[in-house]
Amino acid sequence: MKILNKKIILKSFIFFMLFIAILVLGENNTVNGIQNEKIAYITFDDGPSKYTEQIVDILDENDVKGTFFMLNNNMIVFKSIVQRMVDEGHGTGFHGVSHKLSKLYETENSAIEEFKICNETFYNITGKNSKIIRIPFGSKPKMLESIYNKFVEEGFLVWDWTIDTEDWKSSTDQILSNILYYARNKKEIVILLHENPRTVSCLSDIITILKARGYDIRPITQDVKPKNFW
């Protein structure tokens, strides 16, 4: 009972702070009569998975689109949800084949080859291509500049993130707190999430927070300039 009460108090505190932030900062996004556009990209790594269907359902219920950075073998297993993402207008990109640094950077070309394999799999499922990618563990500091340059030359759009929710080790309340804290005063944010039960549990609250703060939640598409650590 005490643990439950603590969770209720913490969640109440989080939304109280959100309310205060809105009052203090204002959410009309207008300065000197000029509208300041605020954009949020909600991104999910390591899928598709047994949680993807629930995640897409929640996004649809809230009338927003997310972006999924998918692993090659998972796309093969969960073909139907990959097709659903495309059909419903969610952002679709790749997260590699091995998800192991030793394999990814085995040679100068091995990383690019992984993502070419991902695109081939994606095309076989959907009839579409994608150049949107997220390097496992981020494009820095592990990836050499020469390899990054190869990706750019090949036309890949390398995306990292601006907010790491640390959802792989955090509670749902901590995930929300991370977003509340690190999104403050930011006009454009890229939120990193993973496909797991905690993400499913708090995704609706994340969307509520972003909308309350005036963010337009969008999918990543191939016409958007990538945001990365370079």
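The values are calculated or read from the model by the stated rules, or taken from the named source; none is laboratory data. This is a predicted model, so every value here is computed, not measured. When we count neighbours, we look across all protein chains shown, and the Cβ atoms used for this are built from the backbone with ideal geometry, even at glycine.
Is there a residue being closer than 29 Å to GLU61 by Cα and either touching a Leu at 6+ places or on another chain (Cβ under 6 Å) or surrounded by fewer than 17 Cβ atoms within 10 Å (Cβ to Cβ) (or both) anywhere in region 147-154? No; the residues of region 147-154 include none that is closer than 29 Å to GLU61 by Cα and either touching a Leu at 6+ places or on another chain (Cβ under 6 Å) or surrounded by fewer than 17 Cβ atoms within 10 Å (Cβ to Cβ) (or both). Closer than 18 Å to PHE68 by Cα and either modelled with pLDDT under 95 or charged (D, E, K, R) (or both), is that true of GLU166? Yes: the conditions hold for GLU166.
Looking only at region 162-197, which residues are surrounded by fewer than 20 Cβ atoms within 10 Å (Cβ to Cβ) and part of a helix (DSSP H, G or I)? Across region 162-197, the qualifying residues are ASP173, GLN174, SER177, ASN178, LEU180, TYR181, TYR182, PRO197.
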